[in-house]
Each structure stands twice: as C-alpha cells, then as structure tokens.
Amino acid sequence: MIRHLLIFLALTAQVGSSAFAQNCKSPELICKAAANQDRSLYFRDHCRYEQKIHVEERFKSKGGDERMEETRDTTVIVEPARKPDKTGETPVNVRVTSDTDKKGNPKSKIKEDEPTLLSFGAVWDVAFFPLLPERVSYYDFQEVVSGRKNERWFRFVPRSDVTDRALASGVAQLDAETGEVLTVKIEGLHNLDVLDKEASKMGAFGATIDYNQFEGTLRMPTLARGSGVSGIRRFEGNFRFQFEEGKYVPLYKLE
C-alpha cells in the first residue's frame with residue numbers, strides 16, 4: 001500500500017509542483033523544500049502514526065535556580081477520521097495509548113481523550129512543516145553560512161505585514177541539491193491565535209527538529225527537542241521536551 005500511495009503522490013505532485021514552481025518567488029532551493037514538505041505532509045496526513053513526548057515542567061525558586069516540578073511521558077496514536085465533519089474538513093484524531101502522572105509514574109487507567117501537549121497538532125505542524133507552499137510566500141529568507149558540507153542554510157522570518165497566518169521563524173538546513181529538509185531550528189511561533197485562542201497562549205518556543213528520509217523521497221519529522229513557556233490551561237509554565245514520531249501506516253486507498 002505504501003508503494004501505491006507514493007506512486008499516487010508522484011503523479012499528483014507533478015501537476016501541483018509544476019504550478020507551484022511557476023508561481024514560487026522564493027529562492028529555488030526553498031521552492032524545492034516546499035514541494036518536498038508538501039508531499040511529505042500529504043503522505044503523513046493519510047497515515048496512522050505514533051508520537052511520543054517527554055515533558056519536564058520547571059519553575060524558578062527564590063534564588064533564581066530552576067527546579068523540575070513535573071515530568072510526564074505520553075504516547076499517542078494519530079490518524080485522520082474516516083469521514084469529513086460538517087465543515088467539510090477531515091478531523092485528526094489523537095488517541096492516548098500510554099501516559100504518566102505528573103511525577104512520571106505510569107497511570108493504571110488511560111483516558112484516550114486526555115488533553116496533552118500533543119493534542120495541539122496544528123501548532124506542532126507549524127513548527128514541523130514551516131516551509132509548505134502556502135506558507136513560503138509569507139516569509140523573508142536570508143541564506144546564512146552553512147556549518148555542514150553539502151548543505152545550504154536559510155534563515156526564515158515572517159514578513160512584518162503578515163498577521164493572519166500562523167508561521168514559524170528559524171533556520172532551515174537543506175540538502176544542497178534536492179532541497180530536502182534535514183534539520184529545522186525553530187526560534188519562535190507567530191500568530192497562533194489564527195489557529196486557536198488557547199494555542200495562542202503558547203509563549204516562547206524553540207526546537208531543533210531532525211527529519212529522516214522515508215521511502216526514499218519523503219522527509220518526516222522523527223525527532224525533536226526544545227523548550228518553551230506555556231500559558232495554556234493545564235500546561236502553564238516553563239517546559240522542555242523530547243519528541244519522537246514514527247510507525248507510519250497508510251490507511252486509505254486514494255481514488
């Protein structure tokens with residue numbers, strides 16, 4: 001099934017990529033990266049996959065030192081619903097399969113719909129797929145010195161006049177030939193109120209995201225680590241995290 005879906009991706013991508021390439025005003029390698037992120041996300045959106053996150057929440061003592069107050073390990077299964085909702089959009093279901101309490105002890109009873117930081121999938125996707133075709137035109141790009149052979153690095157920041165799009169800022173490390181995204185270092189998330197009022201309470205956010213090649217053509221966000229400050233209910237305070245994603249299984253045949 002994976003092979004069939006990738007063939008479908010290749011055929012549809014030829015049409016979409018051609019139209020996008022004609023209209024893409026960003027640097028050529030960024031346009032290639034955007035097309036690859038688009039194909040990768042399309043495949044991911046038609047899969048069931050697993051996400052794991054280890055979160056440590058911290059607070060500052062009176063002396064200014066930080067102490068870890070809570071730690072939590074959560075695993076979820078993410079998959080698209082089988083039918084669109086009333087708006088015509090296909091919901092994404094996030095089901096908790098393992099969880100711990102705030103001290104890191106495994107819970108004996110798991111609530112599949114328990115809110116976790118992984119529940120805010122749209123926010124994570126802004127960080128994991130910042131260079132999608134529908135986003136690149138809203139960034140300013142500047143090439144910076146690459147620290148690795150065969151890579152080109154680009155700093156991206158939202159244009160100052162853009163306030164109605166959820167965007168990220170940071171540095172994208174790209175394969176110098178194909179434009180495939182190898183690593184993204186996120187330095188901030190912007191305009192999250194466009195996605196969700198609660199999500200907009202996410203304050204400072206930074207992450208290093210590593211992408212692994214999948215089936216020879218796609219790049220998936222398999223590992224991430226970072227930190228932030230959250231005002232989201234039940235997740236308030238300073239936090240740092242380690243994230244893993246994998247076990248992609250295509251779900252439906254595409255007509």
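Side notes on the structure shown:
- Which listed residue, of E180, E151, E198, is surrounded by fewer than 16 Cβ atoms within 10 Å (Cβ to Cβ) and either more than 25 Å from F43 (Cα to Cα) or among the charged types (D, E, K, R) (or both): E151
- Single unsatisfied condition, G206 versus (1) under 20 Å from R72 (Cα atoms); (2) modelled with pLDDT of 90 or more; (3) in contact with a helix residue (DSSP H, G or I) (Cβ under 9 Å, 6 or more places away or on another chain): (3)
- Set D210, D140, D164, D196: member being farther than 28 Å from L29 by Cβ and not β-branched (V, I, T): D196
- The combined condition, being within 30 Å of V94 (Cβ to Cβ) and touching a strand residue (DSSP E or B) at 6+ places or on another chain (Cβ under 9 Å), is not fulfilled by A176.
- Answer residue from the range 65-96, given it is surrounded by fewer than 11 Cβ atoms within 10 Å (Cβ to Cβ) and touching a Ser or Thr at 6+ places or on another chain (Cβ under 8 Å) and is modelled with the highest pLDDT among those: K83
- Selection within the range 210-249 - assigned to a loop (DSSP other than H, G, I, E, B) and among the small types (G, A, S): G216, G231
- In the range 100-113, the residues that are in contact with an Asp or Glu (Cβ under 6 Å, 6 or more places away or on another chain) and assigned to a loop (DSSP other than H, G, I, E, B): K102, K107, I110
- Filter result for V96 (β-branched (V, I, T), farther than 23 Å from E244 by Cβ and out of contact with any helix residue (DSSP H, G or I) (no Cβ under 6 Å at 6 or more places or on another chain)): no
- Of the residues making up the range 205-219, those that are more than 17 Å from L131 (Cα to Cα) and in contact (Cβ under 8 Å) with a residue 40 or more places away in the chain number 3.
The values are calculated or read from the model by the stated rules, or taken from the named source; none is laboratory data. Quick caveat: nothing in here was measured; it's all calculated off a predicted structure. As a convention, Cβ positions derive from the backbone with ideal geometry for all residues, glycine included, and neighbour counts pool all protein chains shown.
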